[in-house]
Amino acid sequence: MAGDISKWQVEQVLDVAPVTAGFPVRFCLLTEGDRQYVAYYDADHQMTVASRMLDSNEWQFQVLPSKVGWDSHNYITMAIDRAGQLHVSGNMHANPLVYFRTETAGDITTLKEAPMTGELETRTTYPKFLKNLNDDLIFTYRHGGSGNGINPYNIYDPKTQSWSRFLETPLFDGEGKINAYPFGPVRGPDGWFHSVWVWRDTPDCATNHDISYARSKNLTHWESAFGDPVTLPIKISQTELCVDPIPSHGGIINSAKFLFFDSNNRPVISYHKSDENGNMQVYAARPENGTWKVHQLTDWDKPVVFGGHGSMGFIGIKISGLSEAAPGTLTMTYRHRDFGTGRLLIDEETLKPSNEAIEVQPELPKELSQLESDFPGLGVQRMSDIGDSGNPEVRYVLKWETLGKNRDRKPETTVEPSMLKLYKLRTSD
């Protein structure tokens with residue numbers, strides 16, 4: 001059961017700029033101290049960074065020398081190092097590294113293209129910034145392509161303003177035959193870094209298989225969920241890291257693997273796959289009594305068969321990650337081609353479907369889901385703040401509207417740009 005009113009209410013809406021609406025691609029919102037940054041593709045597909053002071057409604061803009069086509073893989077991400085410099089990377093899908101860094105902290109007009117290590121940077125995809133326990137800035141990406149990729153890790157030295165390898169080997173190595181699609185690493189409530197991934201054989205999204213997990217205290221030494229040390233790079237042969245040995249064409253897609261931590265800080269991985277009868281189901285897996293226990297959350301009687309290359313639209317099944325609905329009860333939403341949309345309630349202790357009648361409060365206010373255009377095929381895109389507002393009662397969210405994914409091809413429909421908007425939300429909780 002779902003409630004109607006979010007604990008978050010819209011306090012302010014600011015227009016940022018018109019943006020391309022012909023395809024969806026992730027933008028980035030980063031709040032740091034008293035300054036806020038937004039990275040996006042403008043109406044002409046040009047990578048752009050906007051900045052403002054939190055006490056001002058005026059934006060400053062810097063257009064960067066990088067232009068996106070129609071590829072939904074080519075998201076933008078940002079980070080701030082210890083010296084306050086802004087780092088920006090994006091617009092890459094098996095392309096040479098695209099990376100910018102400010103020369104003056106807080107001044108986006110000083111963003112300049114810069115090198116990293118210069119090695120394994122010709123076919124880059126999926127850039128990610130993160131911080132280690134010492135607050136050092138780490139950067140990782142995939143080098144190679146679907147079915148043939150590795151994941152190097154770099155570390156930044158703000159004193160020398162230079163990058164070097166953080167790990168001597170890639171974290172994941174497909175050995176020229178496969179590649180990993182990782183979620184994370186993310187730092188959990190237990191202080192450890194956690195990563196979940198599937199392996200993939202080819203560019204066909206149906207060839208994902210073997211959902212897997214590893215954890216680390218420091219991003220350098222890794223182990224299984226049960227403390228077995230891992231020799232880097234991680235390879236498919238390390239079966240002790242496998243959570244669920246889903247075969248290729250087994251119904252899992254790389255974008256549908258989610259990590260949640262229960263009230264005992266145990267990792268819970270949710271995903272979908274085909275059951276033994278070929279019907280699509282939703283599952284949750286958790287380490288229990290020295291092994292990964294897989295729990296089936298649905299009992300549907302319809303298969304969902306998918307496949308193809310490029311950025312996939314709706315494949316017939318879509319799920320959200322888990323969240324807490326109430327103490328002892330977890331929840332997630334789904335969209336199924338044959339069974340419509342709905343919400344699952346799950347008993348946290350048993351990871352079995354719950355019959356509790358719980359009203360689930362929506363995470364965001366309804367304004368952030370409402371379409372403002374009546375142009376056919378447009379949908380709402382949102383991006384949460386990857387930074388920190390500094391106030392637990394305040395959060396920021398980006399919202400814009402685009403057509404759906406078109407497997408990274410130019411759509412046949414021409415659509416006017418949409419307005420990228422920044423929503424400031426406040427709660428009294």
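The values are calculated or read from the model by the stated rules, or taken from the named source; none is laboratory data. Since we're looking at a predicted model, the values are computed, not measured. Counting neighbours? That spans all protein chains shown, and the Cβs are built from the backbone with ideal geometry, glycine included. Ligands, DNA and RNA are excluded from the accessible area calculation, which covers all protein heavy atoms including side chains. Shrake-Rupley method; radii C 1.70, N 1.55, O 1.52, S 1.80 Å.
Among the residues in region 104-124, are any among the β-branched types (V, I, T), open to solvent by 30 Å² or more (accessible area, probe 1.4 Å) and outside any loop (DSSP other than H, G, I, E, B)? Within region 104-124, one or more residues are among the β-branched types (V, I, T), open to solvent by 30 Å² or more (accessible area, probe 1.4 Å) and outside any loop (DSSP other than H, G, I, E, B). Can you tell me how many residues within region 3-40 are within 19 Å of V380 (Cα to Cα) and either surrounded by 22 or more Cβ atoms within 10 Å (Cβ to Cβ) or modelled with pLDDT of 95 or more (or both)? Total meeting the criteria: 24. Among the residues making up region 15-38, those that are over 24 Å from H87 (Cβ atoms) and not in a loop (DSSP other than H, G, I, E, B) are D15, P18.
Looking at region 398-407, which of the residues that are surrounded by 18 or more Cβ atoms within 10 Å (Cβ to Cβ) and touching a residue at least 60 places away in the same chain (Cβ under 8 Å) is farthest from R52 (Cα to Cα)?
Checked region 398-407; the qualifying residue farthest from R52 (Cα to Cα) is N406.
Each residue in region 141-178 was checked for being polar (S, T, N, Q), more than 21 Å from Y99 (Cα to Cα) and not in a loop (DSSP other than H, G, I, E, B), and 1 pass.
Under the condition of being in a loop (DSSP other than H, G, I, E, B) and modelled with pLDDT of 95 or more, which residue from region 345-364 is surrounded by the most Cβ atoms within 10 Å (Cβ to Cβ)?
L351
If you go through region 409-429 and keep only what is surrounded by fewer than 16 Cβ atoms within 10 Å (Cβ to Cβ) and either among the hydroxyl-bearing types (S, T, Y) or over 28 Å from E58 (Cβ atoms) (or both), you end up with R409, K410, E412, T413, T414, T427, S428, D429. Pairs meeting the criteria (first residue in region 47-68 and among the charged types (D, E, K, R), second residue open to solvent by 80 Å² or more (accessible area, probe 1.4 Å), beta carbons under 8 Å, at least 6 apart or on different chains) are R52/E58; D55/D34; K67/D44. Within region 81-102, restricting attention to residues that are under 17 Å from Q62 (Cα atoms) and among the hydrophobic types (A, V, I, L, M, F, W, C), the residue that is most open to solvent (accessible area, probe 1.4 Å) is V98. Consider N134 carefully, then state whether it is open to solvent by 40 Å² or more (accessible area, probe 1.4 Å) and either assigned to a loop (DSSP other than H, G, I, E, B) or not small (G, A, S) (or both). For N134, the condition - open to solvent by 40 Å² or more (accessible area, probe 1.4 Å) and either assigned to a loop (DSSP other than H, G, I, E, B) or not small (G, A, S) (or both) - is met. Is it the case that R395 is open to solvent by 30 Å² or more (accessible area, probe 1.4 Å), in contact with a strand residue (DSSP E or B) (Cβ under 9 Å, 6 or more places away or on another chain), more than 30 Å from H87 (Cα to Cα) and in a strand (DSSP E or B)? No: the conditions fail for R395.
Return yes or no: is R52 open to solvent by 20 Å² or more (accessible area, probe 1.4 Å) and either within 30 Å of W192 (Cβ to Cβ) or assigned to a strand (DSSP E or B) (or both)? So R52 does not fit the description; no. Among residues of region 184-211 that are over 20 Å from I253 (Cα atoms), those with a Cβ under 6 angstrom from a residue that is open to solvent by 10 Å² or more (accessible area, probe 1.4 Å), sequence gap 6+ or separate chain, pair up as G188/F261; P189/F261; P189/N265; D190/N265; W192/R215; W192/K217; F193/R187. If you go through region 162-199 and pick out every residue that is at positive phi and out of contact with any Lys or Arg (no Cβ under 8 Å at 6 or more places or on another chain), you end up with 2. Tell me, please, whether a residue that is open to solvent by less than 50 Å² (accessible area, probe 1.4 Å), assigned to a strand (DSSP E or B), at pLDDT 95 or above and among the β-branched types (V, I, T) can be found in region 225-233. Taking every residue of region 225-233 in turn, at least one turns out to be open to solvent by less than 50 Å² (accessible area, probe 1.4 Å), assigned to a strand (DSSP E or B), at pLDDT 95 or above and among the β-branched types (V, I, T). Taking region 268-300 as the range and being touching a residue at least 40 places away in the same chain (Cβ under 8 Å), touching a His at 6+ places or on another chain (Cβ under 9 Å) and either within 21 Å of R200 (Cβ to Cβ) or open to solvent by 10 Å² or more (accessible area, probe 1.4 Å) (or both) as the test, the residues that pass are M280, V282, A285, T298. Filtering region 209-222 to residues that are in contact with a Ser or Thr (Cβ under 9 Å, 6 or more places away or on another chain) and either within 14 Å of G310 (Cα to Cα) or open to solvent by 40 Å² or more (accessible area, probe 1.4 Å) (or both) leaves only R215.
Answer yes or no: is there a residue in region 307-321 that is aromatic (F, W, Y) and under 28 Å from F261 (Cβ atoms). Spell out the reasoning first.
Here is the first cut: in region 307-321, the ones aromatic (F, W, Y) are 314.
Narrowing the set further to residues that are under 28 Å from F261 (Cβ atoms) leaves none.
No, there is no match, as no residue in region 307-321 is aromatic (F, W, Y) and under 28 Å from F261 (Cβ atoms).
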